[in-house]
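**Q** Supplied in structure tokens, the structure appears directly below.
The values are calculated or read from the model by the stated rules, or taken from the named source; none is laboratory data. All values reported here derive from a predicted model rather than from experimental measurement. Every residue, glycine as well, gets a Cβ built from its backbone with ideal geometry; the counts of neighbours run over all protein chains shown. Surface accessibility is based on the protein's heavy atoms, side chains included, excluding ligands, DNA and RNA. Shrake-Rupley method; radii C 1.70, N 1.55, O 1.52, S 1.80 Å.
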Amino acid sequence: MRRIAVYRPFFTTSLVAATVLLTSLALAQVAGNAAPRSNAFNDPFVQVTSAVPQCPVPEGPLYTEAEVRELAHVRSQHGGSCHRVGRCRLPNSYLYDAEIIPRVQRYIREDGRFDDTSVWVLGERRLVTLMGCVQSQEQAEALEKAVGLVDDVMGVINLLQVGTAREGVRYPLAKP
């Protein structure tokens, strides 16, 4: 019997994975999880611009030991699948992130259009998540498009907000 591979559209799968990850991080924050958390997967997370002083600061990619155990298998499957199907030259898509995020950082800083923002970027599996504050929706869209042009970026998750209101922030916040 011949097996037929069925692939979901990349963006839908990535968006679902990102939503699950961000939701679990937010729930851990709300629950006041006392277990120690760390960036066990070494996902690159940096602040790129800092012109909006009251911008809600995002929490980085922090995981408890239990979350690391839960995510390790999923991450290995997602990381290797792009190489198996020929979309990645490296054997694991997470290997790109350490190179991509510094290039994204340099591109945003050199562009000049985003000097009046406060933006953090997170790299996971060739996906770049944008968090922070911008001056307008048009600026958020322009930033998303600009980051999508950086070599090896497979997708951009735009969680930017206009202004500095803490209500409605779409990313987990760092503890004060």
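**Q** Find, among the GluC sites (Glu not before Pro) in region 62-167, those assigned to loop by DSSP (not H, G, I, E, B) with at most 13 other beta-carbon atoms within 10 angstrom. Mind showing how you got there, number by number?
**A** Details: sites: GLU65, GLU67, GLU70, GLU99, GLU110, GLU124, GLU138, GLU141, GLU144, GLU167; in loops: GLU167.
Sparse-neighbourhood loop GluC sites (Glu not before Pro): GLU167.
**Q** Report the trypsin sites (Lys or Arg not before Pro) located in region 82-176 that are in a DSSP loop and have at most 12 other Cβ atoms inside 10 Å of their Cβ, or state none. The partial results should precede the final answer.
**A** On the way: sites: ARG84, ARG87, ARG89, ARG103, ARG106, ARG109, ARG113, ARG125, ARG126, LYS145, ARG166, ARG170; in loops: ARG87, ARG89, ARG113, ARG125, ARG126, ARG166, ARG170.
Sparse-neighbourhood loop trypsin sites (Lys or Arg not before Pro): ARG87, ARG89, ARG113, ARG166.
**Q** Subtract the Cα-Cα distance of ARG69 and SER136 from 0.36 nm times their separation in residues, and report this length gain in nm to one decimal.
**A** Working: separation 67, 0.36 × 67 = 24.12 nm, distance 3.94 nm.
Value of the extension gain: 20.2 nm.
**Q** Could you size up the charge dipole of region 91-139 around its Cα centre, putting +1 on the beta carbon of Lys and Arg and -1 on that of Asp and Glu, and report it in debye to the nearest 20?
**A** Numbers: 6 positive and 8 negative charges, 36 e Å.
In total the dipole reaches around 180 debye.
**Q** Now for a separate question. Might you work out the accessible area of HIS83 for me, using a 1.4 Å probe with all protein chains in place, and round it to the nearest 10 Å²?
**A** The accessible area of HIS83 comes to roughly 80 Å².
**Q** Same structure again: Ratio of Rg to Rh for region 51-176, alpha carbon only, Kirkwood? Can you show the working numbers first?
**A** Values: Rg = 15.6 Å, Rh = 15.6 Å.
We get a ratio of 1.00 for region 51-176.
**Q** Something else now. Keeping every protein chain in place, order VAL57, VAL150 by accessible area at 1.4 Å, biggest value first, i.e. largest first. The partial results should precede the final answer.
**A** Details: VAL57 70, VAL150 15 Å².
My answer, sorted largest first, is VAL57, VAL150.
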